């Protein structure tokens, strides 16, 4: 918890397998090395920065749980797979492992499914399996896929590729679709990560909520006009929040714009564990204040404790239909809470075996 009474509900963690044996193509090698570069560049010098051997490994559920629940103030978490099977043998973050992780920590975690819409009926069948057998509460999609060395971008407004996925989600009772936008990694063509395709998806499927991750960097201005026009478009600060130390002004302007145009109810916290350790960014966010010249000169709202609480847990809990009061009663008495009460919060990565 942050402060005395604010739960933290993290919108994204991955069970990365970045080991050599899981890399399928040169594109996969580029992709994992870009992730490693983000980790090294955006982690503060005073925090522990992992070296290549420590970072480019297979991350298991127990290790990630230790990082998140024993070493940070995160209370609840989304276990989120990656369907990048064109780059990595298991997709980089296997949906089976993520589902098993959520089952292992049912009071702390929820599972989101992930499919490749280009697979047609096979993707729809996998959606059904992930929901009915493994309890997937939402789906995370990626708009650029590769095969035979060529990129195959697809759009969220494609009636043949995307709309059947959205219809299936509705049929299964799933109301939230997340999508990776911006932040092109590896050899991905940047046009596959831009945001113009969100408009029609949001209009055609008003029953669904769409969450744009990262939030669409470098297409932030496009996202602003979507969060203000569509009630069902949200932004996750995953990865973006990690600019808070290296580039606090950039962070202030990004969050300020989103608050100004979309309002505080449209923003959701995300850590991207284990890309980054969650604690340092959480602490800085809780202490962060919008620069007064941005408040006075641009009308950006101040980051009050109430707004921070909405971003850290309230908004995602509403979207995922999670009772935060009940969750607090559950998590404050579990093994991780007891250990933290007895031993305090250890130093970053201190409880993890590398």
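Is one or more of the residues making up the stretch 273-285 touching a strand residue (DSSP E or B) at 6+ places or on another chain (Cβ under 8 Å), surrounded by 19 or more Cβ atoms within 10 Å (Cβ to Cβ) and either without any contact (Cβ under 8 Å) to a residue 12 or more places away in the chain or at positive phi (or both)? No.
So which residues in the stretch 23-33 are assigned to a helix (DSSP H, G or I) and buried (at least 18 other Cβ atoms within 10 Å of the Cβ), if there are any at all?
In the first step, residues of the stretch 23-33 are kept if they are assigned to a helix (DSSP H, G or I); the result is 26-33.
Across the stretch 23-33, the qualifying residues are 27, 28, 31, 32.
If you take the residues of the stretch 1-22 that are surrounded by fewer than 21 Cβ atoms within 10 Å (Cβ to Cβ) and touching a strand residue (DSSP E or B) at 6+ places or on another chain (Cβ under 8 Å), which of them is nearest to residue 284 (Cα to Cα)? It comes out as 19. Here residue 67 clears all of (1) more than 17 Å from the chain's Cα centre (by Cα); (2) crowded, with 20+ Cβ neighbours inside 10 Å; (3) assigned to a helix (DSSP H, G or I) except the condition numbered (1). Looking only at residues of the stretch 209-222 that are more than 20 Å from residue 275 (Cα to Cα), buried (at least 17 other Cβ atoms within 10 Å of the Cβ) and without any contact (Cβ under 8 Å) to a residue 60 or more places away in the chain, we find that the one that is nearest to the chain's Cα centre (by Cα) is 210.
Scanning the stretch 195-208 for residues that are surrounded by 19 or more Cβ atoms within 10 Å (Cβ to Cβ) and either over 16 Å from residue 159 (Cβ atoms) or free of Cβ contacts under 8 Å to residues at least 24 places away in the same chain (or both) yields a single hit, 195. Summed over the stretch 287-323, residues that are closer than 18 Å to residue 266 by Cα and part of a helix (DSSP H, G or I) total 16.
Scanning the stretch 231-268 for residues that are part of a loop (DSSP other than H, G, I, E, B), over 25 Å from residue 45 (Cα atoms) and either touching a residue at least 40 places away in the same chain (Cβ under 8 Å) or touching a strand residue (DSSP E or B) at 6+ places or on another chain (Cβ under 8 Å) (or both) returns a single hit, 232.
Set side by side, the residues 133, 175 differ, and just one is within 28 Å of residue 69 (Cβ to Cβ), surrounded by fewer than 21 Cβ atoms within 10 Å (Cβ to Cβ) and free of Cβ contacts under 8 Å to residues at least 24 places away in the same chain, which is 133. Against the conditions (1) within 18 Å of the chain's Cα centre (by Cα); (2) assigned to a helix (DSSP H, G or I); (3) at pLDDT 95 or above, residue 74 satisfies every one except (2).
Return the residues of the stretch 166-194 that are in a loop (DSSP other than H, G, I, E, B), modelled with pLDDT of 95 or more and closer than 17 Å to residue 234 by Cα; say none if nothing qualifies.
First pass over the stretch 166-194, keeping only residues in a loop (DSSP other than H, G, I, E, B): 172-175, 181-189, 194.
From what is left, the residues that are modelled with pLDDT of 95 or more are 172-175.
174, 175 - these are the residues of the stretch 166-194 that are in a loop (DSSP other than H, G, I, E, B), modelled with pLDDT of 95 or more and closer than 17 Å to residue 234 by Cα.
The values are calculated or read from the model by the stated rules, or taken from the named source; none is laboratory data. Because the structure is a prediction, the values reported are computed rather than measured. Backbone-built Cβ (ideal geometry, glycine too); neighbour counts: all protein chains shown.
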